[in-house]
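Below you'll find the structure, written out as structure tokens, and then a few comments.
Derivation of every value follows stated rules applied to the coordinates shown; laboratory data play no part. All of these numbers come straight from a predicted model, not from anything done at the bench. Glycine gets a Cβ as well: all are built from the backbone with ideal geometry, and neighbour counts include every protein chain shown.
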Ligand SMILES: Cc1cc2nc3c(=O)[nH]c(=O)nc-3n(C[C@H](O)[C@H](O)[C@H](O)COP(=O)(O)O)c2cc1C
């Protein structure tokens, strides 16, 4: 049996399979179940900035949000039952009931409503804080620089308030991702999650109104985070976590080999069962044994070793492939 112990953000994990922020981790029972199934750590469901705002009786905080009107209403309602106070309780309960790192998550569009709250998260015992930052450029005035600076400011605001390890979970839509990641590290983050998977918009052809698209990922979606972690992990000094498209033990292996410290899983736990966590851990273990790796650490980042992966060639290969396909 290979050694699966892993560190992430300076925390000790029994293995690198982490359950990501989703409905499962919104309740103590879900947290307990995935930990029993073998999860190395748990990221709690995000507390949305609007929920904090609602509990404080505020009416602002939606500007620049990635959420349309109905979502705002939903979040206001959610804020009444699942507000910041019960979130702190969930952190405390999760810490009491389990012995794995518990990572809190906040979905934020500005720093101001919850910088204080980040301190309360720390006091409640969370082991780290994941900032799920979804800034949607909806105006024609805002520039890429402004959006990116806003991102760094949020991180600096939080960093100045808490000592907790900080992680930023990003979406994939950046023109110059390497620089954004580098600047986030300079602003004080300890880890980056690539990528968040945004609400999938569809259209109801009868009512001609927006409808939710398929909520869950497939293994096919792993290619994008794999590419970026493969490119960035050898060059940027922070931990990387792969989220989106990890469905099998081999997907976990590929993520580790690309250089990820951990993987985060959500969709596959909805489309299969919560106990699929055990399968992922066992399959990772079997692969390490079969391939002669004594531990996860020795397999990590193998892609970059011995010049097996030249990111510069990737774009060229893509171009050549497109031409070959056209022929
Ligand atoms: C039902 C559901 C709820 C989610 N809620 C959150 C959330 O509150 N915060 C967050 O950062 N990500 C949330 N996500 C995104 C997941 O954490 C994850 O990043 C995404 O689903 C991609 O991983 P996957 O391919 O394993 O599903 C949610 C995903 C699902 C399916």
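Here are the numbers for this structure:
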{"quantity": "Pair residue 312, residue 272: separation of 7 Å Cα→Cβ label points (nm)", "calculated": "4.0 nm"}
{"quantity": "Inter-label distance for residue 207 and residue 92, nm, one decimal - labels placed 7 Å from Cα along Cα-to-Cβ", "calculated": "4.1 nm"}
{"quantity": "Residues 237, 105, 248, sorted so that the one with the fewest Cβ neighbours within 10 Å comes first", "calculated": "237, 248, 105"}
{"quantity": "Calculated FRET value between residue 305 and residue 186, using beta carbons and R₀ = 41 Å, to 0.05", "calculated": "0.95"}
{"quantity": "Residue 156-residue 237 FRET efficiency (beta carbon distance; Förster radius 25 Å; 0.05 resolution)", "calculated": "0.85"}
{"quantity": "Rounded to 5, the percent of DSSP beta bridges in the range 151-245 classed as antiparallel", "calculated": "35 percent"}
